[in-house]
Amino acid sequence: MKWVYQLRNVTVERSKGGASFSLTIPEFQIPRGSFTAIVGQSGCGKSTLLDILGLVLSPSSADTFNLVSRHGESFEIAGIRAKYLAQIRRHHLGYILQSGGLMPFLSVAENILLARMLNPKTAMDPEKMEDLVFRLGLQDHLKKKPSQLSGGQRQRAAIARAVAQNPEIILADEPTGSVDKYTAAKIRDLLLKCAREQDIAVLIVTHDESLVSGIADATYSFELTQRGDGELRSILKKVA
Amino acid sequence: MSRPSLHGSLRPFPILRLAVADLRDEWLLSLCVSLAIAAVLAPLMILFGLKSGAIEIMRHRLVQDPRNREIRPKITRTYDVAWFADIKRRPDVAFVTPLTRGISSTVDAVNVATGATAKLDLSPTGRADALVTENGATVPKENECVLSAASSEELNVQKGGMIEIRTNRRVNGEFQSASLKLKVAGVLDLRAGGGKIAYVLLPVVEAVEQYLDGQSVPKYGWTGSLPLARPEFDGALLVAGPEGLDPAYERKAVTDTGFVHLKKLDPLKVENVAGFKVDAGVWLLRPAGSTVRQENFEALKEKLRGSGIQIVPWVDSIPVKIHAADGLVFPAVVKSVPVQGDESPHFTPLIQPSDAVQMAIPVIFSGKGKPAGKGDSIVLAGLGGDLTIPIVGISGYPSDGTLLMATDNAGILRQAISRQVERDPKTGEFLVVRRGYSGFRLFAKTIDQVDGLRRFLESKEIPVFHEGERINDVRTLDSQLSRFFWFIAGVGIAGAVATLAASLYASAERKSYELAVLRLLGLRRREIVQFPAWQGALLTAIGFVMAVGIYAVASAVLGRVFEDQLNAGEHLTILPPGPVTAIFFLLIALAVLSSLLASMRIFATDLSEALREGSV
């Protein structure tokens, strides 16, 4: 099995204003090209997990925390300095944020081109990119600014940018949080289709289980324990 | 339908492109920031422009007008030829001309074509005379003149016209006049001065002065006397007969004769110092001043009438050089000796008239020496210049270097020691060259050298008129205004930078989510800091360009308003490119520096927090 992420016994502890929160990830692996879903209500540790996977937050301790590239390069994230983490993010990770995470001052086309600006060598070539734009139905919106797009169109533009970047994995944080159910399903399908074709793994974090049930290769959730006053423990568990 | 290409990569300068895209997206805000910067810079530029312009106009007017480099003496005294030669050699002197006596330089002028007349002052000029060359004319040749604006107007004559100058004198109750035609080589600008002046070469002015002095000026056909050299003597020898000198005559000899000292000499020594032998007593009479002339001898002869004393003019030995035709130079000494008709019953000349050699002036050599002849000459180095007397024929050089010369001729040599004497080669007459000049007109090379020259001249006790004060005033004003300006500029620029820093900070605050996304996408710290830096630089550059535009408009308006006060080629406002470029880069540097504040704001927030904050 080829993995993108391999995590074992990773913990994060956070305390804020007397309340403390800890997340434990006993065993977590993402195979190459797979679709992984993380579901759960807000406050259970979804964002924390995503921050760890997105190399934005360093775990407090980790037995194993590896990111493996297509070419077999393996990064031991725990020992890497922030400066190089940015580099790894740039080359190996794609993001879709709740509101898209598009630059409001760039046109749709420019936002997609950010992918090539970041990775001139590994990003999609122009023809493929054009193809992608067509499939996402963005061809008539390229000149527009994100503020001129509907919520669904914005997410499609974000998908285009993430896919065009050609990363190992796309981390999608509530990508359908701001659209209706019908649009949400459509966006999910487009994301999965485009990612599969590029052999890109997808991880979706959502509170809406119905969006991923029966579709995801693996689904994880959190087991919460309240301990005493203001102490919350969360453990990642595979549910499907 | 044309679609934007997906072929690009936002490269090169990706961050610059992002920064520009953001500024364009928020163009109204960007415009406001740039306008705020321009609002500070434009008045500074106008102020700076006015300062530079005004100072430049003042300097220009000072530099341009040669009057500001002119130095004239306040006092009249005699400046000899050597003095002029010395001052001309100074590196800070561009031009100097002697001036003749003011009274002798006024002439009547007539426009040859129309008959219009005017009284003009003749003023000497010459090569590199800034008064002429920098006021629209060229230096005249000897048969030409340059007129001042006023004289041109009164004579109604322009460049290329002819005028005739006329000068009058009275000799023995008879009016005489001389005239000279001059071509008008140019007319000076009005600023050269309001006087009615004709500028001519020095020889023309000198000729007029000579004519007024009663002398002739052969080259212009003006008749009159010649300034003949008159013999001068160092004293007189009184040669007595066997009866000696009566003490009464001793007193008389020094009363109202010009002679004051009387000294008895040893007759035997006389033979050594003078060229003759005496039988009895001999006395040397010395004058009160340096020399005596013929009239002193007349007076002395009158006083000693009936005393039986022989009076012989006395000239001290005069060192000269003999320049032989073959190039050799010998030192020699001239001694005066009475010849021919001067024999006295009381002494015997050593040299007989038959020994006289053929010379321009009769000289008798004592003894025989190296044979020489035609082509050799005697050269006397006088204070005013060399006097050269050719030897027409000679029997031989003296072995001891003593030349015996007839007393009157030795007297002329004596005069040539203190004044310049020239020998007219045609007539063989010795003429006195003018002693010196009563004033001068001088131009320093640059206005900055005027003060140094003033100090030099005043150290020589020549107080002068000059415009040094005005030059210093402008320099002082310039440095004062500069200080003033830089103070205001400092305050203003600090304000502009503060405005910019605040707006960049606010922008970073506003865009913290987008900047966080860029960080998430993997832009490195050194890339992120470029974002506000480029924006700061761009906003400043735009503000600067706007300020230049505002300055240009304001400068054009000011130029129009003050048009009447400006001469051609003068600008009320000047932005010197050097300082302006320096200020531009200083501002850009300050803008980039102030953007660091925004960068600090960006990195102060934890990335994960910034992402959450923005996404809410």
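The values are calculated or read from the model by the stated rules, or taken from the named source; none is laboratory data. The structure displayed is predicted, hence computed values, not measured ones. Positions of Cβ are backbone-derived with ideal geometry, glycine not excepted, and every protein chain shown enters the neighbour counts.
Numbers for the structure displayed
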quantity: Answer residue from region A:128-141, given it is within 9 Å of chain B (Cβ to nearest Cβ) and either among the hydroxyl-bearing types (Ser, Thr, Tyr) or more than 24 Å from the chain's Cα centre (by Cα) (or both) and is nearest to residue A:193 (Cα to Cα) among those; calculated: A:139
quantity: Residue B:191, sole failed condition from (1) closer than 15 Å to residue B:147 by Cβ; (2) touching a Lys or Arg at 6+ places or on another chain (Cβ under 9 Å); (3) part of a loop (DSSP other than H, G, I, E, B); (4) not hydroxyl-bearing (Ser, Thr, Tyr); calculated: (3)
quantity: Filter result (out of contact with any helix residue (DSSP H, G or I) (no Cβ under 9 Å at 6 or more places or on another chain) and under 16 Å from residue B:180 (Cβ atoms)) within region B:135-158; calculated: B:141, B:144, B:151, B:155
quantity: Residues (among the charged types (D, E, K, R) and over 26 Å from residue A:20 (Cα atoms)) located in region A:209-240; calculated: A:209, A:217
quantity: The lone exception for residue A:111 - which of (1) facing chain B (nearest Cβ under 7 Å); (2) touching a Leu at 6+ places or on another chain (Cβ under 6 Å) it fails; calculated: (1)
quantity: Matching residues, region B:491-547, being more than 14 Å from chain A (Cβ to nearest Cβ) and over 22 Å from residue B:585 (Cα atoms); calculated: B:506, B:509
quantity: Lone qualifier among A:227, A:156 - being of a type in the set (D, E, K, R) and exposed (fewer than 14 other Cβ atoms within 10 Å of the Cβ); calculated: A:227
quantity: Answer from B:173, B:224, B:194 - the residue that is surrounded by 13 or more Cβ atoms within 10 Å (Cβ to Cβ) and under 47 Å from the mean Cα position of the chain (by Cα); calculated: B:224
quantity: Search result, residues across region B:10-30 that are surrounded by fewer than 19 Cβ atoms within 10 Å (Cβ to Cβ), at the interface with chain A (Cβ under 7 Å from one of its Cβ atoms) and assigned to a helix (DSSP H, G or I); calculated: B:21, B:25
quantity: Wholly enclosed helices (runs of 4 or more DSSP H) of region B:223-313 bearing at least 1 residues farther than 20 Å from residue B:337 by Cβ and at pLDDT 85 or above; calculated: B:247-253, B:294-303
quantity: Qualifying residue in region A:182-199 (condition: touching a residue at least 60 places away in the same chain (Cβ under 8 Å) and at the interface with another protein chain (Cβ under 7 Å from one of its Cβ atoms)); calculated: no
quantity: Elements of type strands (runs of 3 or more DSSP E) contained in region A:135-240, each with 3 or more residues being over 18 Å from residue A:99 (Cα atoms); calculated: A:218-227, A:231-238
quantity: Boolean, residue A:36 is within 20 Å of the chain's Cα centre (by Cα) and either outside any strand (DSSP E or B) or within 13 Å of chain B (Cβ to nearest Cβ) (or both); calculated: no
quantity: Residue among B:611, B:523, B:515 that alone is closer than 30 Å to residue A:120 by Cα, assigned by TED's automatic domain parsing to the domain that holds residue B:46 and touching a Leu at 6+ places or on another chain (Cβ under 7 Å); calculated: B:611
quantity: Every pair of residues 6+ apart whose Cβ atoms lie under 7 Å, when the first sits in region B:412-435 and is free of Cβ contacts under 8 Å to residues at least 60 places away in the same chain and buried (at least 19 other Cβ atoms within 10 Å of the Cβ) while the second is among the aromatic types (Phe, Trp, Tyr) and part of a helix (DSSP H, G or I); calculated: none
quantity: Residue that is surrounded by the fewest Cβ atoms within 10 Å (Cβ to Cβ) [pool: residues in region A:54-99 that are in a helix (DSSP H, G or I) and more than 13 Å from chain B (Cβ to nearest Cβ)]; calculated: A:79
quantity: Which listed residue, of A:42, A:20, is farther than 30 Å from residue B:526 by Cβ and within 12 Å of another protein chain (Cβ to nearest Cβ); calculated: A:42
quantity: Qualifying residue in region B:461-478 (condition: within 24 Å of residue B:582 (Cα to Cα) and among the polar types (S, T, N, Q)); calculated: yes
quantity: Matching residues, region B:40-57, being of a type in the set (D, E, K, R) and either buried (at least 22 other Cβ atoms within 10 Å of the Cβ) or in contact with a helix residue (DSSP H, G or I) (Cβ under 7 Å, 6 or more places away or on another chain) (or both); calculated: B:51
quantity: Criterion: without any contact (Cβ under 8 Å) to a residue 40 or more places away in the chain, surrounded by fewer than 19 Cβ atoms within 10 Å (Cβ to Cβ) and basic (Lys, Arg) - qualifying residue of A:145, A:128; calculated: A:128
